[in-house]
Structures are given as structure tokens and as C-alpha cells.
């Protein structure tokens with residue numbers, strides 16, 4: 001059943017229809033589409049990554065189908081300092097970084113690359129998962145759900161990503177460090193966090209710029225490493241490859 005964008009007057013465009021309008025104006029990959037308000041009008045806020053890797057955002061009026069606003073964000077990896085080319089993206093246990101201090105959140109193109117690589121790794125391992133990438137403020141950037149993944153993995157992967165970004169630590173580390181604190185899981189659950197492995201913070205220049213969470217690949221490999229963590233690390237590696 002399609003998701004409908006609803007205003008106070010009733011049902012208007014579906015979100016899918018609004019996305020189709022944006023894709024006609026700018027072909028590419030849809031990263032996000034959600035209801036929003038703009039100048040007092042109900043719109044669908046759509047983010048598209050075009051073939052050049054640029055993030056293009058649209059606001060489509062749900063009553064008229066009119067594109068009310070459109071703008072393009074340059075890829076932050078092309079920053080004028082050139083620091084992005086030298087930086088590494090890693091998780092908490094990774095190597096130290098060098099270069100000037102920068103503060104910004106994960107670019108959409110990086111988030112898409114990480115989510116795609118993590119999902120592909122889980123598929124290779126035989127699991128249908130959901131992958132969520134959040135930004136520095138633990139707000140969602142990308143969610144990929146494999147066909148056949150259980151519905152609950154949407155929330156679980158989101159919580160893992162949010163926990164990793166918010167706590168600035170891998171959820172597997174949090175789980176291991178608090179094995180003797182059985183009440184921690186309940187406390188985390190009350191505030192929207194989680195202690196299950198599969199959440200990894202994304203670092204750039206020693207600063208957390210986001211988090212990735214994977215849910216739906218139970219168990220561990222022969223070395224004792226959780227499959228969710230293996231897939232998450234594949235996502236982290238994909239971002240590092242962008243900077244090579």
C-alpha cells in the first residue's frame with residue numbers, strides 16, 4: 001500500500017508520486033523522502049543523489065505537485081582544505097587521524113556508500129538485514145531494508161546507529177563493558193538506545209560524524225565476531241575507500 005502525504009484537507013499526492021516528480025526533474029537515487037512544512041504549505045521533502053554524486057533536495061507541494069524549492073549541496077568531501085583526501089574514517093578502535101580539526105556531519109554520499117556496502121556484505125553472508133546510518137546529531141540519513149528482512153529490524157538498526165553516534169562508542173563495546181550491569185539494557189531501552197552489538201560510530205578527524213547500525217544477521221563467525229559488526233565494518237571500510 002502506498003504511503004500518502006496528507007494535509008488538513010485530506011489525501012493528496014502519495015509520497016511515491018511526489019518522488020516521481022522530483023526524479024523527473026533530477027534523475028538519481030532517492031536517499032530520503034518525508035513529509036514537511038514549507039512556507040505554510042504541506043510538502044514532501046526529498047533528497048536525491050544525482051549521477052555526479054551531488055545531493056539535490058526538493059520540496060514538492062502535496063496539493064499541486066509543484067516543486068516549491070530546489071537546491072544542490074556540493075559534496076563535502078571536496079572541501080577546500082583538501083583534508084578529506086588524507087583523512088580516514090574508522091570506528092572507535094581504529095587508528096589515529098592527522099590533519100586540521102573539522103566539524104561536520106556525514107555527507108549523504110558517504111552514508112549511502114556505507115549502507116550499501118554493509119547491506120551487500122550481509123547479503124553475501126546470507127542475511128536479509130536493515131541498515132541505518134545517522135548523522136552527528138543521531139538523525140537518520142539513510143535506511144536500507146533488504147527484501148525479506150524482519151520489520152522489527154528497522155527500529156533495531158536505527159537504535160544501534162543512534163546509540164553508536166550518541167555514545168561515541170561501538171555498541172559491542174558498550175555491551176561487553178556492562179555485562180555485569182543487567183539493568184543497563186532496560187535503562188537504554190527507555191531512552192531509545194540499545195546495548196546489542198551491530199552499532200559503530202563513524203569518525204572523521206577524530207570526530208564522530210555519524211553512526212551505522214545493522215540488524216538482522218544473528219550469530220557470530222568462527223572467531224566469535226558478531227555478523228552485524230562484520231557488516232557494519234564493511235560499511236566503514238566503504239567510506240575509507242572513498243577517501244583513498
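Numbers at a glance
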quantity: Region 125-149: number of residues that are touching a residue at least 24 places away in the same chain (Cβ under 8 Å) and touching a strand residue (DSSP E or B) at 6+ places or on another chain (Cβ under 8 Å); calculated: 16
quantity: Residue in region 7-20 that is over 19 Å from the mean Cα position of the chain (by Cα), exposed (fewer than 15 other Cβ atoms within 10 Å of the Cβ), part of a loop (DSSP other than H, G, I, E, B) and modelled with pLDDT of 50 or more present; calculated: no
quantity: Check on residue 211, under 13 Å from the mean Cα position of the chain (by Cα), assigned to a strand (DSSP E or B), assigned by TED's automatic domain parsing to the domain that holds residue 107 and within 24 Å of residue 113 (Cα to Cα); calculated: yes
quantity: Test for residue 134: is it closer than 12 Å to residue 208 by Cβ, in a strand (DSSP E or B) and under 13 Å from the mean Cα position of the chain (by Cα); calculated: yes
quantity: Looking only at region 223-243, and only at residues there that are assigned to a loop (DSSP other than H, G, I, E, B) and modelled with pLDDT of 90 or more, the one that is surrounded by the most Cβ atoms within 10 Å (Cβ to Cβ); calculated: 225
quantity: Any chance residue 66 is more than 30 Å from residue 42 (Cα to Cα) and either at pLDDT 90 or above or not assigned by TED's automatic domain parsing to the domain that holds residue 15 (or both); calculated: no
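The values are calculated or read from the model by the stated rules, or taken from the named source; none is laboratory data. All of these numbers come straight from a predicted model, not from anything done at the bench. Every residue, glycine among them, receives a Cβ derived from its backbone with ideal geometry; neighbour counts consider all protein chains shown.
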